[in-house]
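Data first, discussion second: the structure below is written as structure tokens.
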């Protein structure tokens with residue numbers, strides 16, 4: 001069985017290659033994921049989010065470091081994603097702290113923490129710079145992220161029928 005550190009390394013190494021299948025293989029079927037952009041996602045929603053992000057990635061690179069095993073279940077690590085945000089063509093460097101709970105060689109909970117206002121300033125330009133810290137702008141970003149994910153899932157499901 002993989003150690004927790006090996007699972008985390010496998011997840012982020014796959015992410016570096018935009019290999020969402022391997023990433024999702026590191027997740028339990030009932031994964032619980034959350035981050036400031038997408039909010040709370042469960043199971044196939046979370047797995048579809050990674051698939052969507054990997055398939056839509058432009059000028060993407062990722063580094064990860066500082067994997068810390070807090071105990072036999074919990075771990076943290078840092079990762080930085082650099083990419084071009086497709087909606088605006090703007091470069092984003094997102095510095096993220098991941099918190100994970102692992103059980104029986106799978107990630108069962110995954111939470112990514114980053115400043116949504118900092119992301120908005122990079123991704124959206126002056127509007128994000130001015131309004132990214134405001135609640136209504138954060139809700140708009142989350143609503144758009146969720147809308148894009150639902151459309152991606154519906155398109156994927158329609159093509160499988």
| note | Note on region 144-155: residues within 16 Å of the chain's Cα centre (by Cα) and without any contact (Cβ under 8 Å) to a residue 24 or more places away in the chain are 144, 147, 150
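Got a sec? Which of 58, 97 is modelled with pLDDT under 95 and either closer than 30 Å to residue 135 by Cβ or surrounded by 13 or more Cβ atoms within 10 Å (Cβ to Cβ) (or both)?
On the way: 97 fails: modelled with pLDDT under 95.
It is 58.
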| query | Does region 129-137 contain any residue that is touching a helix residue (DSSP H, G or I) at 6+ places or on another chain (Cβ under 8 Å), free of Cβ contacts under 8 Å to residues at least 12 places away in the same chain and in a helix (DSSP H, G or I)? | reply | yes
| request: Could you grab the pairs with beta carbons closer than 8 Å, sequence gap of 6+ or different chains, first residue in region 96-116 and more than 21 Å from residue 62 (Cβ to Cβ), second one surrounded by fewer than 18 Cβ atoms within 10 Å (Cβ to Cβ) and at pLDDT below 95? | output: 104/1; 105/1; 105/2
| message | Of everything in region 1-38, what is farther than 30 Å from residue 132 by Cα, out of contact with any strand residue (DSSP E or B) (no Cβ under 9 Å at 6 or more places or on another chain) and surrounded by 19 or more Cβ atoms within 10 Å (Cβ to Cβ)? Give them in sequence order. | response | 14
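The values are calculated or read from the model by the stated rules, or taken from the named source; none is laboratory data. Computed from a predicted structure; not experimentally measured. Positions of Cβ are backbone-derived with ideal geometry, glycine not excepted, and every protein chain shown enters the neighbour counts.
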